[in-house]
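I have placed the structure first, in the form of structure tokens, so that the comments after it can refer back to it.
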Amino acid sequence: MNRRVFIAVLLVVFVVLLPAGLAAQEEEKTGLNLKDKRLGLIFNFIGLANFLITEHTDNVQGGLGMKLWLGEKTAVRALLDLEHTNDSVTTSTWIGASGAFEYHFLQRRVSPYGGGLAGLTLGTGAANDLGLYFGALLGAEFELVENLNLFAEYNLLVEINEPDFTIDLGLGNNTQIGIIVYLN
């Protein structure tokens, strides 16, 4: 299946499931029961949409982290990210660490949220680089089954890179898709 068609199907499914999930939850449900879901493991597939559209074959992109609920609508998370790109000319590896704050607007099966994040990246290979970034995030967490949630979000970031000390307001590949496995 063509990767662009696959992405289009995923977007249509997400757009259809989001309102359907909200409508199906008319009764007030805590959705993310904090007694059972206080701490979660995050498996992050950074930039999956861009990867599928551009059809890179030798790229590895992903992350691993933890999510901790502080209250009924607030959570913090920490992530370690890895990106390895290998094409016919260059090889680059990026390692990143970030922290984020999430405020969940609704506590239902589909839980939209907003917040902020900050982190740093270290690049080696074709481009040796150290970068700092901070910004805003907007996303949704969807409870697939008990203790297993899917999330998708977009990050609007300001990046400060060394050695050039350039500031870049990233509007490109700032999507994140992943799963959260909650621990009891």
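Consider Leu68 carefully, then state whether it is part of a strand (DSSP E or B), surrounded by fewer than 16 Cβ atoms within 10 Å (Cβ to Cβ) and at pLDDT below 90.
Answer is no for this residue.
Looking for something at pLDDT 75 or above, within 19 Å of Gly119 (Cα to Cα) and outside any loop (DSSP other than H, G, I, E, B) - is there at least one such residue anywhere in the range 21-41?
yes
Could you identify the single residue in Ser98, Ser111 that is small (Gly, Ala, Ser), buried (at least 18 other Cβ atoms within 10 Å of the Cβ) and touching a His at 6+ places or on another chain (Cβ under 6 Å)?
Only one candidate qualifies: Ser111.
Just to be sure I understand, how many residues within the range 102-121 are assigned to a strand (DSSP E or B) and within 14 Å of Glu141 (Cα to Cα)?
Qualifying residue count, the range 102-121: 9.
Let's see how each residue does on (1) assigned to a strand (DSSP E or B); (2) polar (S, T, N, Q); (3) on the phi > 0 side of the Ramachandran plot; (4) at pLDDT below 90:
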{"position": "His84", "(1), (2), (3), (4)": "yes, no, no, yes"}
{"position": "Ser88", "(1), (2), (3), (4)": "no, yes, no, yes"}
{"position": "Ser92", "(1), (2), (3), (4)": "yes, yes, no, yes"}
{"position": "Ala100", "(1), (2), (3), (4)": "yes, no, no, no"}
{"position": "Thr124", "(1), (2), (3), (4)": "yes, yes, no, yes"}
{"position": "Gly131", "(1), (2), (3), (4)": "yes, no, no, yes"}
{"position": "Phe134", "(1), (2), (3), (4)": "yes, no, no, yes"}
{"position": "Glu143", "(1), (2), (3), (4)": "yes, no, no, no"}
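The values are calculated or read from the model by the stated rules, or taken from the named source; none is laboratory data. Being a predicted model, the structure only gives us computed values, none of them experimental. All Cβ positions, glycine included, derive from the backbone under ideal geometry; neighbour counts span all protein chains shown.
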